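Reviewing the structure listed below.
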Amino acid sequence: MKALFEALRPRQWLKNGIVFAGLIFSQNVSDVKLSLTALAAFALFCALSSSVYLINDLGDLERDRRHPLKRLRPLAAGRLPLGMAWVIAPALAVLGLGLSFTLRLEFGLLALAYYALNLAYTYWLKHIAIVDVMSIAVGFVIRAAAGAEAIAVEISPWLLVCTIFLALFLALSKRRHELLVLEAGAGDHRASLAHYSPYLLDQMIAVVTASTVISYCLYTMWPETVAKFGTHNLVYTTPFVIFGIFRYLYLVHQREEGGAPEKIPLTDIPMIINLALWLAAVGAALYR
């Protein structure tokens with residue numbers, strides 16, 4: 001059971017936290033019913049993402065066994081029976097998708113789109129350069145939109161833009177780490193890596209880094225945003241976003257920690273403090 005829980009990749013569930021964006025920025029955190037609905041949406045996406053992780057590990061079994069880090073995963077290391085993974089993966093998918101449609105039709109459709117996209121990524125899209133990271137970014141956007149649909153609130157297009165740029169930033173940083181770790185054997189592990197180079201990825205990262213910061217700044221100062229929240233104070237949360245981006249770049253380039261983006265917000269103390277301060281600043285601006 002320990003191996004199964006590890007194979008579900010609970011640390012990766014942090015990525016599904018984007019479903020709470022609609023709740024936070026619609027100023028409905030104090031609404032117990034909507035908060036519980038958002039929590040249910042988060043749990044359903046965790047089930048769906050874990051199903052995809054199991055399917056991905058089953059499909060990449062031989063490649064993972066040749067990877068210096070992924071060979072330690074439960075399936076690749078032989079600590080989890082393949083038969084159990086083949087049973088749990090579809091069970092989580094059926095459960096997650098079924099309950100998603102009972103939560104709300106629009107949410108269910110987005111959950112289905114997310115699952116279909118991830119299956120396509122697992123078997124096809126992740127082997128195509130540039131399309132692979134774009135697919136990851138679209139997955140984050142779907143989750144953000146699904147979180148808003150779950151509680152029937154409108155989400156700003158600016159937040160979706162910020163989400164896609166931030167997701168691209170994380171995905172490209174991970175590709176850079178994989179390329180440096182695997183070196184000459186990168187293309188054998190994943191075909192798309194053969195078409196990347198550290199210089200190309202650094203150029204792409206520079207573009208999306210600037211785009212992330214600028215889009216967030218524009219969102220906080222946009223007249224519709226100011227009118228919706230009745231305050232200009234959201235702009236004062238920008239320094240925390242800039243620090244978070246710069247800190248992540250530091251960890252990627254100086255400490256070579258870009259391989260596990262879900263781990264950094266849980267283990268890096270400056271990042272944890274910065275995230276807490278950003279949430280406090282957003283709360284003060286929106287819920288004063």
Taking Leu125, Leu119 and ranking on accessible area (1.4 Å, protein atoms only), highest first, one gets Leu119, Leu125
When every protein chain stays in place and a 1.4 Å probe is rolled, Lys228, Lys174, Lys70, Lys33 sorted by accessible area with the largest first are Lys33, Lys228, Lys174, Lys70
In whole angstrom, the spacing between the Cα centers of segment 187-238 and segment 55-97 equals 32
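With only Lys, Arg, Asp and Glu charged, each at its Cβ (+1 for the first two, -1 for the last two), find how big the charge dipole of segment 1-122 is about the Cα centre; round to the nearest 20 debye.
440
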Taking protein heavy atoms only, a 1.4 Å probe, and rounding to whole percent, the accessible area of the chain owed to carbon and sulfur comes out at 70
Largest-first semi-axes in Å of the equivalent ellipsoid built from the Cα gyration tensor of segment 16-147 are 29, 17, 13
When the charge dipole of the chain is computed with +1 at the Cβ of Lys and Arg and -1 at the Cβ of Asp and Glu, the Cα pointing farthest to the positive end, of Pro239, Phe165, Leu92, is that of Leu92
Any lysines whose Cα falls less than 16 Å from that of Lys263, other than same-chain ones fewer than 8 residues away, would be Lys15, Lys70, Lys174
Answer in debye to the nearest 20: the dipole magnitude of the chain about its Cα centre, from +1 Lys/Arg and -1 Asp/Glu charges placed on Cβ, is 480
With every protein chain kept in place and a 1.4 Å probe, segment 118-270 has an accessible area per residue in Å² of 46
Mean projected area, convex hull of alpha-carbon positions in segment 162-288, reported to one decimal in nm², is 8.2
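Among 275-281, 94-100, how do they line up by average Cβ neighbours within 10 Å per residue, starting with the highest?
With the highest mean Cβ count within 10 Å placed first, the list reads 94-100, 275-281.
The values are calculated or read from the model by the stated rules, or taken from the named source; none is laboratory data. Remember, it's a predicted structure, so these values are computed and weren't measured experimentally. Quick reminder, even Gly has a Cβ in these numbers, built from the backbone with ideal geometry, and neighbours come from all protein chains shown. Calculation scope for accessible area: heavy atoms of the full protein, side chains included, ligands and nucleic acids excluded. Shrake-Rupley method; radii C 1.70, N 1.55, O 1.52, S 1.80 Å.
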